[in-house]
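Beneath this line is the structure, given in structure tokens, with notes to follow.
The values are calculated or read from the model by the stated rules, or taken from the named source; none is laboratory data. Just so we're clear, the structure is a prediction, and the values are computed from it rather than from any experiment. Because the Cβ atoms are built from the backbone with ideal geometry, glycine has one as well, and the counts that use them run over all protein chains shown.
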Amino acid sequence: MIIVLKPHPTAEMIRHVVARIEELGFTPHLSQGVARTIIGVIGDEDRLQAEPLRAIEGVEQVVPILKPFKLASREFHPEESIFDIKGVKVGGGHLMMIAGPCAIESEERLVEIAEKVKEAGANVLRGGAFKPRTSPYSFQGLGEDGLKILKAAGERFGMPVVTEVMDPRQVDLVVDYTDIIQIGARNMQNFDLLKEVGRTRTAVLLKRGMSATVKDLLMSAEYVLAQGNKQVILCERGVRSFEDSTRNMLDLSIVPNAKGQSHLPIIVDPSHATGRPDLIPAMARASVAAGADGVHIEVHSCPEKALSDGPQALLPAQYARLMDELRQLAEIMGKTIDAAEGVSV
Ligand code: PEP
Ligand code: MN
């Protein structure tokens, strides 16, 4: 349920409503926008409806949230969320440019790639240490050794880092090394994992499951938000379809669709969506044009030797050219790409 306050409520009015909600045993979520102050309350709607909250001074309207996702909904939080991850903002006109190899393979390789993508303007470094591979015989990632390499490279180049966690038991370990936790497509509905990352205060990059609807994705975001972790970045990475000339089918309509329903930022991963370097630049440009809050691209300095997803990796030079184009597009659209702050040593 949402309690909409009259314009320009006094601090005392807000305090009073918040106190009453708490007294009733609910947790109030205050959202103070430029035009409106609203207080969201999650819980037993029938019990709340029975309360004469409308009678409290300063309250203009009490409305139920009709969507099954609450904390993730636009009704709950009318303004776009902006998250600041080590000085790199995402949402509300700030684009997050994530780049790096699919998997962390060695320190030398990651440093070589990180240096290039940073130079091209990427502001977040990616790399998998725990890899969800279709085959149990494929490279599974370097585990904690990989996390150490990633963290060191992030520090060296002053870039926040993102890496995937697959198992609730690994969450405590992974948060020691990363700035953003990635939940992969295959785990988007691993609810125990979502709850566990929800208990942390590390930002989450939540990738769309390969057969998940927009509503499913937002319900999964709700799992994380419900645990108190407010920083969820959605990520479209293509869905399964009958088409077999691309790895997945990129659903770009999800960008305005999710944005209409939710305040959470949404970025696009054209690498996993297409699986084809010849299609990635056009789809990355289309993503930014569609209003995405960033793009997530796999880059490798020697794709033919990559231990994972080599065939879809862009070369650093291709990535740099794409970033030039994306910068121009961002400018036209009035968006900014924050520079990763650190200084290379
Ligand atoms: C990845 O980012 O390397 C990955 C495995 O992505 P997804 O979960 O989208 O397949
Ligand atoms: Mn990959």
### Query
Among (1) closer than 24 Å to Ala152 by Cβ; (2) away from ligand 1 (no atom under 16 Å from the Cβ); (3) surrounded by 13 or more Cβ atoms within 10 Å (Cβ to Cβ), which single condition is Glu341 missing?
(3)
### Query
Residue check, Glu236 against (1) within 15 Å of ligand 1 (Cβ to nearest atom); (2) loosely packed, with under 14 Cβ neighbours inside 10 Å; (3) among the acidic types (Asp, Glu), all met but one. Which one?
(2)
### Message
One residue is enough: does segment 41-54 have a residue meeting the conditions more than 16 Å from ligand 2 (Cβ to nearest atom), of a type in the set (Val, Ile, Thr) and touching a residue at least 40 places away in the same chain (Cβ under 8 Å)?
### Response
yes
#### Entry: Search result, residues across segment 299-323 that are among the hydrophobic types (A, V, I, L, M, F, W, C), within 14 Å of Ala114 (Cβ to Cβ) and more than 16 Å from ligand 2 (Cβ to nearest atom)
Ala320
### Query
Any idea which residue in segment 309-322 is nearest to ligand 1 (Cβ to nearest atom), counting only those that are in a helix (DSSP H, G or I) and crowded, with 24+ Cβ neighbours inside 10 Å?
Tyr319
### Task
Examine segment 61-78 for a residue that is in contact with a helix residue (DSSP H, G or I) (Cβ under 6 Å, 6 or more places away or on another chain) and among the aromatic types (Phe, Trp, Tyr), and state whether such a residue exists.
yes
### Task
All but one of (1) out of contact with any strand residue (DSSP E or B) (no Cβ under 8 Å at 6 or more places or on another chain); (2) over 23 Å from Gly87 (Cα atoms); (3) more than 12 Å from ligand 2 (Cβ to nearest atom) hold for Arg327, so report the exception by its number.
(2)
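Residue by residue, here is whether (1) assigned to a loop (DSSP other than H, G, I, E, B); (2) more than 21 Å from Thr213 (Cα to Cα) holds:
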| residue | (1), (2) |
| --- | --- |
| Arg54 | no, yes |
| Glu57 | yes, yes |
| Val62 | no, yes |
| Ile65 | yes, no |
| Lys70 | yes, no |
| His77 | yes, yes |
| Ser81 | yes, yes |
| Asp84 | no, yes |
| Val90 | no, yes |
## Note on the structure
All conditions in (1) more than 16 Å from ligand 1 (Cβ to nearest atom); (2) in contact with a Gly (Cβ under 8 Å, 6 or more places away or on another chain) are true of Glu298 except (1)
### The listed residue being within 16 Å of ligand 1 (Cβ to nearest atom), in the same structural domain as Thr213 (by TED's automatic domain parsing) and more than 22 Å from Leu206 (Cβ to Cβ), out of Ala330, Ala306, Ala284, Ala292
Ala306
### Message
Looking at (1) away from ligand 1 (no atom under 16 Å from the Cβ); (2) outside any helix (DSSP H, G or I), which one does Pro277 not meet, given that it meets all the others?
### Response
(1)
## Note on the structure
From the option list Val111, Val161, single residue qualifying as closer than 22 Å to Arg237 by Cβ and either more than 16 Å from ligand 2 (Cβ to nearest atom) or under 22 Å from the mean Cα position of the chain (by Cα) (or both) is Val161
#### Entry: Any hit, segment 239-247, residues being basic (Lys, Arg) and part of a helix (DSSP H, G or I)
no
